[in-house]
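I have placed the structure first, in the form of structure tokens, so that the comments after it can refer back to it.
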Amino acid sequence: MAQTPAADPRFAEIESHRPYLVRYALAQLRDAELAQETVQEALLAALEALPGFDGRSSLRTWLTAILRFKVIDAQRRIATDRRRLESTDGDEDGADEAWQDELFDETGHWRVAPRTWSDPESAFEQARFWEVFEKCLGRLPPAGGRVFFKREVLGEETRAICGAEGITESNCWVMLHRARLALRACLESNWFGEEAPRGG
Amino acid sequence: MADSDKVDCRKASWLLSVASERELTAQERQALREHLDRCLKCRNYEGQLKFLREASRRFGK
Ligand SMILES: [Zn+2]
């Protein structure tokens with residue numbers, strides 16, 4: 001590692017506190033690997049700061065203080081990752097993408113309003129409906145169509161689908177959202193449009 | 001009419017879709033409910049999503 005620390009007799013002493021520091025980090029983080037990494041970061045920071053350490057507090061106290069800041073950093077990173085995984089900015093992705101400008105105007109209203117579909121259940125009984133449905137599925141973009149098919153037709157869990165596709169979960173949600181919008185538009189113009197009953 | 005924190009149709013359609021992937025927050029649920037109460041278009045969309053789900057399920061059988 002660095003050149004100077006080995007020359008400092010306190011170098012070996014710092015190392016001797018490692019097991020204590022790992023226990024301290026583990027108690028806070030509850031993740032062995034992360035605790036090791038965090039202690040490593042703290043010890044490197046300590047080695048750099050060592051020339052300024054005046055020895056007024058004990059070495060262990062000083063090291064623990066450095067570690068405490070590194071633990072807080074790590075906790076913050078965990079919280080950010082979790083938030084990213086679990087949603088909220090999935091929200092921003094899903095509602096703010098440019099492709100939606102085709103479907104919604106600048107005030108956020110539907111450009112073409114979804115209509116009330118009359119007696120949709122009766123469609124299930126008609127062979128012609130399933131032809132239209134299949135055709136509309138086929139018009140979805142390849143990746144979006146695949147994700148939609150796995151999710152809605154095969155009933156797989158989103159988490160598994162995203163894993164297989166190698167994309168994040170919130171990305172998956174956006175693809176599904178987009179596919180649903182496209183599919184309903186296709187059905188409305190190719191099936192429910194034909195049949196469109198009295199005005200609405 | 002400072003409705004900036006309320007949902008518009010664009011946002012409502014997203015929430016309706018993502019609700020089948022994750023649980024909405026209490027705030028999202030309420031904002032969505034308020035929007036649906038006064039927007040027939042989005043209520044139609046909500047019904048269409050249910051239809052799509054059912055049609056897809058049957059398509060897979
Ligand atoms: Zn609306």
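The values are calculated or read from the model by the stated rules, or taken from the named source; none is laboratory data. Here the structure is a predicted model, which is why all the values come from computation and not from measurement. Here the Cβ positions follow ideal geometry from the backbone for every residue, glycine too, while neighbour counts run over all protein chains shown.
Observations on the structure shown:
- A:Arg128 falls short of the stated requirement of being at pLDDT 90 or above, loosely packed, with under 14 Cβ neighbours inside 10 Å and under 20 Å from B:Leu36 (Cα atoms).
- Criterion applied to A:Glu157, A:Glu152, A:Glu134, A:Glu169 was being touching a helix residue (DSSP H, G or I) at 6+ places or on another chain (Cβ under 8 Å) and surrounded by fewer than 17 Cβ atoms within 10 Å (Cβ to Cβ), and the one residue passing it is A:Glu134.
- Tabulated pairs, the range B:45-56, first within 16 Å of B:Trp14 (Cβ to Cβ) and more than 7 Å from every other protein chain (Cβ to nearest Cβ), second at pLDDT 95 or above and surrounded by fewer than 19 Cβ atoms within 10 Å (Cβ to Cβ), C-beta under 8 angstrom, 6+ apart or interchain: B:Glu46/B:Leu36
- Restricting the range B:1-20 to residues that are over 12 Å from the mean Cα position of the chain (by Cα) and away from the ligand (no atom under 11 Å from the Cβ), the residue that is surrounded by the most Cβ atoms within 10 Å (Cβ to Cβ): B:Asp3
- Restricting the range A:129-156 to residues that are outside any helix (DSSP H, G or I) and more than 8 Å from every other protein chain (Cβ to nearest Cβ), the residue that is farthest from A:Phe104 (Cα to Cα) is A:Glu156.
- Among the residues making up the range A:157-174, those that are away from chain B (no Cβ under 11 Å) and at negative phi are A:Ala160, A:Gly163, A:Ala164, A:Glu165, A:Ile167, A:Thr168, A:Asn171.
- Residue ID - surrounded by the most Cβ atoms within 10 Å (Cβ to Cβ), chosen from residues in the range B:23-60 that are among the acidic types (Asp, Glu) and more than 16 Å from the ligand (Cβ to nearest atom): B:Glu54
For (1) assigned to a helix (DSSP H, G or I); (2) more than 10 Å from chain B (Cβ to nearest Cβ); (3) away from the ligand (no atom under 16 Å from the Cβ); (4) modelled with pLDDT of 90 or more, each residue gets a yes or a no:
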position: A:Lys70; (1), (2), (3), (4): yes, yes, yes, yes
position: A:Asp73; (1), (2), (3), (4): yes, yes, yes, no
position: A:Ile78; (1), (2), (3), (4): yes, yes, yes, no
position: A:Asp91; (1), (2), (3), (4): yes, no, yes, no
position: A:Arg115; (1), (2), (3), (4): no, no, no, yes
position: A:Ser118; (1), (2), (3), (4): no, yes, yes, no
position: A:Phe124; (1), (2), (3), (4): yes, no, yes, yes
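- Counting only helices (runs of 4 or more DSSP H) that sit wholly inside chain B, those with at least 3 residues that are among the small types (Gly, Ala, Ser) are B:9-18, B:40-59.
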